[in-house]
1. So, in region 25-41, how many residues would count as being surrounded by fewer than 21 Cβ atoms within 10 Å (Cβ to Cβ), assigned to a helix (DSSP H, G or I) and among the hydrophobic types (A, V, I, L, M, F, W, C)?
2. Quick one: in region 93-126, of everything that is crowded, with 19+ Cβ neighbours inside 10 Å and aliphatic (A, V, I, L, M), which residue is nearest to Gly34 (Cα to Cα)?
3. Name the one entry in Ile39, Ile96, Ile83, Ile31 that is in contact (Cβ under 8 Å) with a residue 40 or more places away in the chain, of a type outside the set (Asp, Glu) and touching a helix residue (DSSP H, G or I) at 6+ places or on another chain (Cβ under 9 Å).
4. Taking Val61 as the residue in question, decide whether it is crowded, with 21+ Cβ neighbours inside 10 Å, in a helix (DSSP H, G or I) and touching a His at 6+ places or on another chain (Cβ under 7 Å).
5. If Glu46 passes every condition in (1) surrounded by fewer than 17 Cβ atoms within 10 Å (Cβ to Cβ); (2) of a type in the set (D, E, K, R); (3) within 20 Å of Leu112 (Cα to Cα); (4) over 17 Å from the mean Cα position of the chain (by Cα) but one, which one does it miss?
6. Look at Tyr126 and say whether it is at pLDDT 75 or above, assigned to a helix (DSSP H, G or I) and touching a Cys at 6+ places or on another chain (Cβ under 8 Å).
7. Condition first: in a helix (DSSP H, G or I) and either in contact with a strand residue (DSSP E or B) (Cβ under 9 Å, 6 or more places away or on another chain) or touching a residue at least 24 places away in the same chain (Cβ under 8 Å) (or both). Now tell me which residues in region 42-58 satisfy that.
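The values are calculated or read from the model by the stated rules, or taken from the named source; none is laboratory data. Quantities reported herein were computed from a predicted structural model and do not represent experimental measurements. Quick reminder, even Gly has a Cβ in these numbers, built from the backbone with ideal geometry, and neighbours come from all protein chains shown.
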Amino acid sequence: MSERKPLYQSPGQPGRRGFEDLECYKLSLYIVIGIRDMIKLLPPEEKYDLAVQVRRSSKSVSANIAEGYGRYHYLDSLYKYSIARGELNETLSHLIHAKILGYVDQAMFERLYNLIRETEQTLNGYMTYVKRQRTGAQEYGDKAVREDSVEYLASDEDEKPEPGNESQ
């Protein structure tokens, strides 16, 4: 990673803070900033289409990394990191759309493209590390935790219970 000015300084002790210490998380913050800059270049007709979608997907990368870090079992963590990786690729797809539609120049495209790929590579490395650590496997095993399935009954009629008879 090239030297970048930190976007966020946690008040916690370095190395003991949490997800903010992850390199993939730090890189994902640069993506949010880069996408914000790209959105400023979009035409007004993209305000409620491309702009909203790319903003959401770019922010979802860091959010899913943070959520995965907060999961105890490694399989739960990997699931959220996998979603973050998918959001990275969705963000890249939106960036490609912006490029082919002529909204961003080649320099901005390449800068964001390379940042997304660097983030993905770093996230993949962290996911490999998490797989090797297998945190939570001794306590809960290697199977994903799932809730029992629930059956829902639906009818065509919008039935409301009579007052006082809510248990029906």
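1. Count: 4.
2. So the residue we want is Leu112.
3. One residue alone meets the criteria, Ile31.
4. no
5. (1)
6. yes
7. Selection gives Glu46, Leu50, Gln53, Val54, Ser57, Ser58.
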